[in-house]
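So the structure is just underneath, and the comments pick up after that.
Computed from the coordinates by the stated procedures, all read-outs in this text should not be read as laboratory data. Please read these numbers as outputs of a predicted model, since none were measured by experiment. Ideal geometry is used to build each Cβ from the backbone, glycine not excepted, and the neighbour counts take in all protein chains shown.
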Amino acid sequence: MTAIGTRSLAPDFLDGDPEIRPRCDGADPERFFTASEAEAQRVAAAYCGPCPLYWPCRGWALRQTNDLHGVWGGTTQAQRKRLRRQGRS
Ligand code: SF4
């Protein structure tokens, strides 16, 4: 399984084409786990927006039932909670 840079989680969707690299590869993981919602949204836009793995990462993040922390697939933890409540992905 390929790790996302130095981030601790390594989602299964990264088992695939080694040529496709996540934008967060090598980024400071602390940036993705900020306590500030506004900063998390900025990180999501800057890294995830142009990431080639945006959709699989987003789908993976929304399927997690363990109250996943941090920015994943262009979403913050608060946004994922809201999307799940609304039944959207
Ligand atoms: S969508 Fe965001 S969190 Fe997911 S792999 Fe890409 S940059 Fe990383």
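Summary of packing: across the peptides 49-55, 74-80, the per-residue average of other C-beta atoms within 10 Å ranks them, highest first, as 74-80, 49-55.
In percent, how large is the relative contact order of segment 28-86, given Cα pairs closer than 8 Å and 6 or more residues apart? Numbers along the way, then the final one.
Values: 63 pairs, mean separation 21.6, N = 59.
Relative contact order comes out at 37 percent.
Based on alpha-carbon atoms, the Kirkwood radius and the radius of gyration of segment 28-86 give Rg/Rh equal to 0.93. A simple spin-label model places the labels of W55 and K81 2.9 nm from each other, with each point 7 Å out along Cα-to-Cβ. Here the extension length gained between R63 and E30 equals 9.6 nm, from 0.36 nm per residue of separation less the Cα-Cα distance.
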